[in-house]
Amino acid sequence: YYEKYFRPNIGYLVIVGDIDMAEAKPLVEEYFGNWEKGNVPEFEYETPSKPSSRKVAIGDKSGAVQTVLSVAYPVELKLGDEDYIAARVMNSILGGSFGSRLMQNLRETHGYTYGSRSSLSQDRLVGSFQAGASVRNEVTDSAVYEILYELDKIANNPVEAEELEKAKAIMTGGFSRSLESPQTVARFALNQNLYNLPDDYYE
């Protein structure tokens, strides 16, 4: 598998830290110089069709004292898409932070769970949206109802200005803190290549 799929000609090498090209190049040549190029199989994938209707799947686990809920949906979302940032802000308001709507509804208002979150992931092929929680068995149906209620609400009603500004502030603070991590800086550099982003995208 390694010989078939791991080749330098389809790879990216990102180096982040207190180092310049003059120092980095000899190290790269020392550790990767003998790594040979090769033909790697390429695959074409059809974009999955969107679900035509709401479906429920249940996995029974005898003796379980809680239900793990997940409301999920495939999403065509790529980093750099015109509505990418707006979609991320929407998710922050819905379930991407501790003060989000899902958390306030399922945890604070109803006491169904310790936490309810949502996530929105991008991908070069197909990303995904997911909202969920772990709840007591006896409130499973009620929790599903509240999650769907919040999804319908954010899809069909404008967000209040104060809530929008709060979400932006949370995201801005999180973004700033993330830059302290070399892994984040490396990921940003890699993303610029993977998604053909402009050099100033993260600015």
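The values are calculated or read from the model by the stated rules, or taken from the named source; none is laboratory data. None of the values given here were measured: they were computed from a predicted structure. Glycine gets a Cβ as well: all are built from the backbone with ideal geometry, and neighbour counts include every protein chain shown. Keep in mind that these areas ignore ligands, DNA and RNA; they rest on the heavy atoms of the full protein, side chains included. Shrake-Rupley method; radii C 1.70, N 1.55, O 1.52, S 1.80 Å.
Laid out as a table, the results:
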quantity	calculated
Helix axis angle, 161-178 relative to the chain longest principal axis, alpha carbon, degrees	30 degrees
Accessible surface of residue 170 - all protein chains present, 1.4 Å probe, nearest 10 Å²	70 Å²
Entries in 50/168; 50/78; 55/166; 50/153 that, when Cα-Cα distance is taken, lie over 26 Å	50/168; 55/166
GluC sites (Glu not before Pro) within the range 57-113: DSSP coil, no more than 14 neighbouring Cβ in 10 Å	76, 82
Percentage relative contact order, the chain, counting C-alpha pairs under 8 Å, at least six apart	22 percent
Share of Cα-Cα pairs in the range 103-196 lying beyond 16 Å, as whole percent	71 percent
Surface share of carbon and sulfur [accessible, 1.4 angstrom probe, percent] for the chain	51 percent
Ellipticity estimate at 222 nm from DSSP helix runs (n ≥ 4, -39,500 (n - 2.57)) divided over the chain, nearest 500	-11000 deg cm²/dmol
Accessible-area order (highest first, 1.4 angstrom probe) of the listed residues 94, 164, 13, 120	13, 164, 120, 94
The range 87-116 residues near the modelled residue 64 label - backbone nitrogen below 19 Å, point 7 Å along Cα→Cβ	112-116
Hull-based mean projected area of the range 39-159, where the convex hull spans the alpha carbons, in square nanometres	10.4 nm²
GluC sites (Glu not before Pro) within the range 1-50, DSSP loop, no more than 13 other Cβ atoms inside 10 Å	36, 42, 44, 46
